[in-house]
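Working notes for the structure below.
The values are calculated or read from the model by the stated rules, or taken from the named source; none is laboratory data. From a predicted model like this one, the values you see are computed outputs, not experimental measurements. Neighbour counts run over all protein chains shown; Cβ positions are idealised from the backbone, glycine included.
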Amino acid sequence: MHHEALRNWIRQAEADAGERTDRPSTDMLAENHALKKRAAELERANEILRSASVYFAWELGLTRR
């Protein structure tokens, strides 16, 4: 095992125990990952809705002429 890996594990364990404030805890990292994933899903949904709005606005414009 490399000494840096052990050092990082110890630092992370200290952060998880609340003894360090210079690193996010494992729970915070997991929450950030989940929030980024949710934000990406919402951005994809918004893009689909934007595209649908443009399509239907174009269709309505053709039928009103």
Original post:
Out of the residues in segment 13-32 that are polar (S, T, N, Q) and at pLDDT 95 or above, which is surrounded by the most Cβ atoms within 10 Å (Cβ to Cβ)?
Top reply: SER25
Original post:
Within segment 19-52, restricting attention to residues that are among the small types (Gly, Ala, Ser) and under 25 Å from TRP9 (Cα atoms), which residue is nearest to the chain's Cα centre (by Cα)?
Top reply: ALA34
**OP:** Report yes if some residue within segment 54-64 is out of contact with any Cys (no Cβ under 8 Å at 6 or more places or on another chain), outside any helix (DSSP H, G or I) and at pLDDT below 95; otherwise report no.
**Re:** yes
